[in-house]
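Notes follow once the structure below has been shown.
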Amino acid sequence: MAANHDPVPALRELCERGILPPHSRVVKRLSGTTSGAVFLLEAEGEPGLVLKMDAPEELRSVISFLDAYQGELLAGVRYADPGCRYYLYEFIEGTSGEGRGRKADWLKTLASGLLSRYVPAAEPSIWGEVVRPSPSWLAFLKGELRENRRTIGGVLSEEEHTAAQRALAASSYAHDSEPPYLLHGDCGAHNFLFREGVLTGVIDPYPVAGPPVYDLLYAFCSTPDDLTPAALADAVSILSAKQPLPARASGLTAEVLVHLYNRIGICMRHHPQDLSRYLAAWEEWRARGSF
């Protein structure tokens, strides 16, 4: 990963190349990015562009994702450095955190505005993280379960750890029957922007190659509120009209359990105050699927 995230040389280059007007400046460094560094820029007195800096291999995959799905929820790429040291994109108004509105509503917006437009990845043999691919989708998910098991430890019983493995084996994720699609990969509420309770933007992709339902369930499990089938149902209907989804009487119970297990681990690392709500949801979904 690039160690030097000084925006001044990049800003100078952008001005010299005529991409930005003279006297453009950095307003502030923005927080919350998964990797690299992000800066809000001001050009001719108006903020509205963002400079993202990271390692070339990371940025190359991100730019490919943004170019593939230009549209209402994603920032438009204004300029990409030929060496993939940085890129410039449009600022999206909105805030993350509180004020998200009903989960069912923003999941529907996510499904219709982004996930239903997903297309197969350029490389059909790549699964998991685009920059660090796995040999199969199942191998990628087994790695996620192993990582989160180390975090979860004794918070769940040995039988519950085994239940997560059973859920993965029973899920559609265990079979690479469809080609991998190019996914956002970090499609959680921490990367969503809202205005007046409406989802207005999805930022900071970490591209993954896999089934579209992965991003939907990642988003569903990314907040501890309303982890119910009802909150998910309309978004699933929207997505299933455009993308391949498993057709089973049990629905997506096994897949949700895999995501909930991983989210418990993420929760313990990053937002432990939500743990009790995730544990309650884990029990409810386990009972629903008899895992």
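The values are calculated or read from the model by the stated rules, or taken from the named source; none is laboratory data. This is a predicted model, so every value here is computed, not measured. All Cβ positions, glycine included, derive from the backbone under ideal geometry; neighbour counts span all protein chains shown.
Name the residues in segment 62-101 that are among the charged types (D, E, K, R), part of a loop (DSSP other than H, G, I, E, B) and within 19 Å of the chain's Cα centre (by Cα), would you?
E72, E93, E98, R100
Assess whether D274 counts as being part of a loop (DSSP other than H, G, I, E, B) and not hydrophobic (A, V, I, L, M, F, W, C).
no
One residue is enough: does segment 114-124 have a residue meeting the conditions at pLDDT below 95 and closer than 28 Å to E196 by Cα?
Within segment 114-124 (the criterion being at pLDDT below 95 and closer than 28 Å to E196 by Cα), the answer is no, since none of the residues qualifies.
Would you please list the contacts, defined by Cβ atoms under 6 Å and residues six or more apart or on different chains, that run from a residue in segment 64-88 that is of a type in the set (V, I, T) to a residue that is in a helix (DSSP H, G or I)?
Close Cβ pairs satisfying both conditions: V77/L66.
Which one of these does D186 not meet: (1) farther than 22 Å from L227 by Cβ; (2) in contact with a Phe, Trp or Tyr (Cβ under 9 Å, 6 or more places away or on another chain)?
All conditions pass for D186, except number (1).
Return a yes/no flag: does segment 58-67 have any residue that is within 25 Å of A10 (Cα to Cα) and polar (S, T, N, Q).
Yes: segment 58-67 contains one or more residues that are within 25 Å of A10 (Cα to Cα) and polar (S, T, N, Q).
Tell me which residues, restricted to segment 245-271, are outside any helix (DSSP H, G or I) and within 18 Å of the chain's Cα centre (by Cα).
H271
The conditions are (1) closer than 28 Å to D176 by Cβ; (2) crowded, with 17+ Cβ neighbours inside 10 Å, and L88 fails exactly one of them. Which is it?
(1)
Taking the condition of a type in the set (A, V, I, L, M), closer than 30 Å to L88 by Cα and buried (at least 23 other Cβ atoms within 10 Å of the Cβ), does V198 pass?
no
Conditions tested, residue by residue: (1) surrounded by fewer than 22 Cβ atoms within 10 Å (Cβ to Cβ); (2) among the polar types (S, T, N, Q).
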| residue | (1), (2) |
| --- | --- |
| C221 | no, no |
| P246 | yes, no |
| R263 | no, no |
| S290 | yes, yes |
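Being within 23 Å of P207 (Cα to Cα) and either among the hydroxyl-bearing types (S, T, Y) or part of a strand (DSSP E or B) (or both) narrows it down to one of L51, L59, so name that one.
L51
Given the conditions (1) under 19 Å from the mean Cα position of the chain (by Cα); (2) part of a loop (DSSP other than H, G, I, E, B), report the number of the one that K242 does not fulfil.
(1) is the only condition that K242 fails.
Considering each of A174, A254 in turn, give the residue that is in contact with a Phe, Trp or Tyr (Cβ under 9 Å, 6 or more places away or on another chain), at pLDDT below 95 and closer than 25 Å to G143 by Cβ.
Sole residue among the options that is in contact with a Phe, Trp or Tyr (Cβ under 9 Å, 6 or more places away or on another chain), at pLDDT below 95 and closer than 25 Å to G143 by Cβ: A174.
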